[in-house]
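In what follows, a single structure is set out as structure tokens and then discussed.
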Amino acid sequence: MTAQQLLDGHIFLIDKPLDWTSFQAVNKLKYLLRQKFDLPKKFKIGHAGTLDPKATGLLIICTGKFTKKIPEIQDAPKEYIAEIKLGAQTESFDTEKPEILHTDISHLSHEKITEAIQTFIGEIEQAPPIFSAIKIDGERAYNIARSGETVEMKKRKTTIHYIENIEIEMPIVRFTVGCSKGTYIRSLAHDIGQKLQVGAYLTKLRRTKIGDFNVENAMKIEDLSSNIGEIHAGFS
């Protein structure tokens, strides 16, 4: 790989670790590439779809002229492995905020939980979490929420293509979900809890696929420094 090849365009698959922002992952790769290949400061690089800090998994990073491919990649369907906890809620719909509103779940059967989850397959409307990167009047929603102001999130249409591999170990439920662009799995977890009238929030999330790209082919952040010359293989 050469500097010119990076400028012409490459696609890198990164397995983002827990508690890293997508921005941090991009900056890490950019720093390593600039160090090794003496790239200009204005070297183009960007990710094709934000992954929350509390989520792990596939993050696609494009360089050079391939940054023009970002909208196309972002439009591709996604797949996640999700874990939710029933009987409690959080303001962020995930583990960023502490549990609130605990509810008894002893009356719930596995059959009832499965049936409730499957009602979300198809086109649905969901409100994004208030702790999200969506802009409201030019300001990120999470900044408004963290300042203590009230945030009103408008519902939007999205599509759940499938939910499968449902495993239930009360109060934890795990499943694989395929969905369209713009779907918030945190909101799906919250909505499942509301459907069951017990509350729920997302405890773990891993993105496994974006279109034809699979996390099985991704490089871990901790391995970037020693393998920076090889991680492009197969993704040019």
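Overview of results
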quantity: Unmet requirement for residue 223, which otherwise passes all of (1) modelled with pLDDT of 95 or more; (2) part of a helix (DSSP H, G or I); calculated: (1)
quantity: Cβ-Cβ under 6 Å pairs, at least 6 apart or on other chains, segment 166-184 side more than 28 Å from residue 73 (Cβ to Cβ), far side of a type in the set (Gly, Ala, Ser) and assigned to a loop (DSSP other than H, G, I, E, B); calculated: 171/87
quantity: One residue from 84, 100, 60 being β-branched (Val, Ile, Thr) and outside the structural domain of residue 179 (by the TED database); calculated: 60
quantity: Failed item, numbered, when residue 33 is tested on (1) assigned to a helix (DSSP H, G or I); (2) open to solvent by 30 Å² or more (accessible area, probe 1.4 Å); (3) not charged (D, E, K, R); calculated: (2)
quantity: Residue list for segment 202-220, filter: of a type in the set (A, V, I, L, M), part of a strand (DSSP E or B) and modelled with pLDDT under 95; calculated: 219
quantity: Per-region count, segment 41-77, residues in contact (Cβ under 8 Å) with a residue 40 or more places away in the chain, part of a loop (DSSP other than H, G, I, E, B) and not basic (Lys, Arg); calculated: 10
quantity: Out of 69, 78, 97, sole residue that is more than 20 Å from residue 205 (Cβ to Cβ) and of a type in the set (D, E, K, R); calculated: 69
quantity: Residues being farther than 22 Å from residue 81 by Cβ and among the hydroxyl-bearing types (Ser, Thr, Tyr) - total across segment 1-57; calculated: 2
quantity: Qualifying position, being on the phi < 0 side of the Ramachandran plot, under 14 Å from the mean Cα position of the chain (by Cα) and open to solvent by 10 Å² or more (accessible area, probe 1.4 Å), among 67, 56; calculated: 56
quantity: Pairs, first under 14 Å from residue 51 (Cβ atoms) in segment 13-37, second part of a loop (DSSP other than H, G, I, E, B) and open to solvent by less than 30 Å² (accessible area, probe 1.4 Å), C-beta under 6 Å, six or more apart; calculated: 13/218; 14/218; 15/218; 16/51; 22/51
quantity: Qualifying positions in segment 169-201 - open to solvent by less than 10 Å² (accessible area, probe 1.4 Å), over 18 Å from residue 159 (Cβ atoms) and assigned to a strand (DSSP E or B); calculated: 173, 200
quantity: Residue within segment 78-86 that is closer than 28 Å to residue 217 by Cα, assigned to a loop (DSSP other than H, G, I, E, B) and either touching a helix residue (DSSP H, G or I) at 6+ places or on another chain (Cβ under 9 Å) or open to solvent by 30 Å² or more (accessible area, probe 1.4 Å) (or both) present; calculated: no
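The values are calculated or read from the model by the stated rules, or taken from the named source; none is laboratory data. Values in this document were obtained by computation on a predicted structure and should not be read as measured data. Positions of Cβ are generated from backbone atoms using ideal geometry, with glycine treated the same way; all protein chains shown enter the neighbour counts. Just the protein is used for accessible areas: all its heavy atoms, side chains included, with ligands, DNA and RNA removed. Shrake-Rupley method; radii C 1.70, N 1.55, O 1.52, S 1.80 Å.
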